[in-house]
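The values are calculated or read from the model by the stated rules, or taken from the named source; none is laboratory data. These figures come from a predicted structure and were not determined experimentally. Cβ placement follows ideal geometry from the backbone for every residue including glycine, while neighbour counts extend to all protein chains displayed. All accessible areas refer to the heavy atoms of the entire protein, side chains included, with ligands and DNA or RNA removed. Shrake-Rupley method; radii C 1.70, N 1.55, O 1.52, S 1.80 Å.
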Amino acid sequence: MGRATCDQLESLSKQFPYPDQRCYVFTRSLAPEDPNVEFVREDVSSFVAKLKRQQGKSIWPVGGAGLADDFLQAGLIDEFIVSTVPVLLGKGIPLFHSPVPELSLEFKDVRRHGQIAQFHHAVRF
């Protein structure tokens, strides 16, 4: 996940929301010790290449536009799960910062989690 997302989690929940997952936080700054996460200070492409050589399943980036841009520009996203929260922000927060390459998506699912709607699409290759 991105550093800003990790910092925000502390204000949203008293418990870490992913206790059964290995969690890496991409950051450009110094990071404090945290028993729930491992801080990463390398580019997304090289780090993901290392992860793919290990045993495990999916890699699930959680974060905002900065982290999404890094994964998208590196061609590392094959599915999108985008959650919307029912709050109008006025100016809003962009989902991506950089120009997005054109991708064909296939609708997979939509789920409701309380007031949050979660949309699931797969990238068509």
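F26 sits with roughly 30 Å² accessible to a 1.4 Å probe, with DNA, RNA and ligands left out of the calculation. Annotation: H97 carries an accessible surface of approximately 130 Å², with a 1.4 Å probe and no ligand, DNA or RNA atoms counted. From the alpha carbon centroid of the stretch 96-116 to that of the stretch 1-40 is 23 Å. Surface composition of the chain: carbon and sulfur atoms hold 52% of the protein heavy-atom accessible area at a 1.4 Å probe. Only helices enter the 222 nm calculation for the chain: every DSSP H run of n ≥ 4 contributes -39,500 (n - 2.57), and dividing by all residues gives -6500 deg cm²/dmol, rounded to 500. Taking GluC sites (Glu not before Pro) in DSSP loop conformation with at most 15 other Cβ atoms inside 10 Å as exposed sites, the chain has its longest uninterrupted site-free stretch at 43-101. For trypsin sites (Lys or Arg not before Pro), the sites in the stretch 49-125 that DSSP calls loop and that have at most 10 other Cβ atoms within 10 Å are R53, K57, K91, R124. Ranking L30, L76, L88 by solvent-accessible area of protein heavy atoms (1.4 Å probe, all protein chains present), from largest to smallest, gives L88, L30, L76. According to a simple spin-label model (label point 7 Å from Cα along Cα-to-Cβ), what is the distance in nm between V82 and N36? So the label points at N36 and V82 sit 2.6 nm apart. Rounded to whole numbers, the Karplus 3J(HN,Hα) couplings from phi for the stretch 64-72 are x, 4, x, 5, 4, 4, 4, 5, 5 Hz, using 6.51 cos²θ - 1.76 cosθ + 1.60 with θ = phi - 60°, and x at Gly and Pro.
Solvent-accessible surface of the chain, taken per residue with a 1.4 Å probe and all protein chains present: 78 Å².
Among the protein heavy atoms, those of V37 account for about 20 Å² of accessible surface (1.4 Å probe, every chain in place).
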